[in-house]
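To start, the structure itself, in structure tokens.
The values are calculated or read from the model by the stated rules, or taken from the named source; none is laboratory data. All of these numbers come straight from a predicted model, not from anything done at the bench. Note that we place each Cβ from the backbone using ideal geometry, even for glycine, and neighbour counts take in every protein chain shown. These area figures cover heavy atoms from the full protein model, side chains too; ligands, DNA and RNA do not enter into them. Shrake-Rupley method; radii C 1.70, N 1.55, O 1.52, S 1.80 Å.
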Amino acid sequence: MKTLLLAVSAFLLQSLVVQAQTPYFQGKTIRIVSGYPAGDVNDLWPRLIAQHMTKYIPGNPNFVIQNMTGAGSMIAANYVYNVAKPDALTLGWIAPTLYFDQLVGRKEVQYDWGKYSFIGSPSESEHHLYMRTDSPYKTIEDIRKASEPPKCGSGGASGTGFFFPRLLEDTVGAKFTIVLGYQGKIHCRAMTIESFFAREPFHTWRKNNFVKSVAQSARQRDARLPDTPTIYELMDQYKTPDQSRRVTTVILAGGVFGRPMVGPAGIAPERLKILRSAFASALKDPELKAEAEKRSYEVGPVAGEEMEKLAKEVMAQPPVVIDRMKKILGN
């Protein structure tokens with residue numbers, strides 16, 4: 001009996017040692033819930049990162065991408081925050097401006113932006129507004145003076161196509177008619193600069209001079225848009241009041257979040273650290289960088305720690321700023 005007990009104890013001890021040595025992620029699958037349709041650049045980015053991220057996670061887990069579209073990726077954001085377990089095996093790839101909806105109190109929001117487990121972003125994501133060259137609107141000044149505002153298309157009320165024209169209205173006196181869902185003929189659209197230079201039909205449009213950029217969101221002009229004024233230059237030109245400038249800073253913080261990969265709140269610190277490190281390492285991987293260059297993707301990573309800090313900052317806004325945001329965003 002004594003020999004049997006010793007044998008059982010030795011077996012249990014050995015099992016515990018093996019379990020302690022086995023990486024947590026070994027034999028597991030990490031699911032990335034993408035709030036974007038298949039084929040969109042925001043869907044292709046996590047697929048590219050996942051191919052390389054596994055190499056830098058002890059245990060080399062599998063990755064799968066699940067598309068969960070709708071409401072400007074809010075459905076995916078709600079799912080990751082409320083349904084997914086904080087076991088580091090379900091992550092999300094969602095819009096960088098979803099904090100707008102929480103700040104202005106939209107009832108569909110079921111997440112707390114400041115409590116997501118931010119993994120990282122492959123780059124910051126600045127925006128611009130382009131206009132059809134066959135329209136009568138050549139500059140922001142033309143738009144300000146127009147008797148009939150240009151029609152700008154937008155896929156939803158929390159995306160770039162909606163909030164950037166509204167910011168230009170609030171800060172410099174431009175006027176737009178925003179058409180949700182791109183119904184009918186439109187003159188303009190706001191979108192990320194990266195997407196505009198990464199794919200069709202924009203390659204052809206630029207070659208044929210079909211559209212022209214009239215404003216951009218960064219503090220410094222993008223090298224690819226050297227003749228396009230920034231919103232900050234325009235605010236200086238039109239002497240925008242301080243309150244509108246502050247709201248602009250809060251709203252355009254979405255550009256720093258870029259293309260965020262997040263996890264639910266409460267992921268264990270050691271597992272979150274592994275995911276953040278693997279994400280950063282994947283974006284330094286020569287194969288990923290070569291493929292990103294081939295696709296004209298920008299690589300300028302934003303660390304999860306930086307995003308976490310920024311998330312807490314943007315959510316701590318006084319009522320006067322939130323009221324102004326509601327006005328701009330149409331609430």
Checklist entry - Does S135 meet the test of being more than 16 Å from I328 (Cβ to Cβ) and either touching a Ser or Thr at 6+ places or on another chain (Cβ under 6 Å) or assigned to a helix (DSSP H, G or I) (or both)? => result no
Item to check | Hits in the range 275-331 - residues which are more than 24 Å from T90 (Cα to Cα) and either basic (K, R) or in contact with a strand residue (DSSP E or B) (Cβ under 6 Å, 6 or more places away or on another chain) (or both) | outcome: K289, K294, R295, R324, K326, K327
Checklist entry - So which residues in the range 85-126 are in contact with a Phe, Trp or Tyr (Cβ under 9 Å, 6 or more places away or on another chain), under 30 Å from G27 (Cα atoms) and among the basic types (K, R)? => result K115
Next on the checklist: in a loop (DSSP other than H, G, I, E, B), farther than 30 Å from P165 by Cα, out of contact with any Cys (no Cβ under 9 Å at 6 or more places or on another chain) and among the aliphatic types (A, V, I, L, M): which single residue out of A265, A278 fits that description?
Outcome noted: A265
Checklist entry - Mind checking whether some residue in the range 101-117 is open to solvent by less than 10 Å² (accessible area, probe 1.4 Å) and within 21 Å of T230 (Cβ to Cβ)? => result no
Checklist entry - If we keep just the residues of the range 272-331 that are β-branched (V, I, T) and more than 30 Å from K85 (Cβ to Cβ), which is surrounded by the most Cβ atoms within 10 Å (Cβ to Cβ)? => result I328
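Is it fair to say T177 is touching a Cys at 6+ places or on another chain (Cβ under 8 Å), at negative phi and open to solvent by 10 Å² or more (accessible area, probe 1.4 Å)?
For T177, the condition - touching a Cys at 6+ places or on another chain (Cβ under 8 Å), at negative phi and open to solvent by 10 Å² or more (accessible area, probe 1.4 Å) - is met.
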Checklist outcome for this item: Here the residues within the range 165-191 that are closer than 30 Å to A292 by Cα and either at pLDDT below 90 or part of a helix (DSSP H, G or I) (or both) are P165, G181, Y182
Checklist entry - For S125, are the conditions met, namely being modelled with pLDDT of 95 or more and of a type in the set (S, T, N, Q)? => result no
Checklist entry - Could you say which residue among T97, T139 is surrounded by fewer than 21 Cβ atoms within 10 Å (Cβ to Cβ), within 20 Å of Q216 (Cα to Cα), hydroxyl-bearing (S, T, Y) and in contact (Cβ under 8 Å) with a residue 60 or more places away in the chain? => result T139
Checklist entry - How many residues are acidic (D, E) and closer than 19 Å to T133 by Cβ if we restrict to the range 178-221? => result 1
Item to check | Which listed residue is surrounded by 16 or more Cβ atoms within 10 Å (Cβ to Cβ), touching a Lys or Arg at 6+ places or on another chain (Cβ under 9 Å) and either under 17 Å from V250 (Cα atoms) or in contact (Cβ under 8 Å) with a residue 60 or more places away in the chain (or both), from F163, F197 | outcome: F197
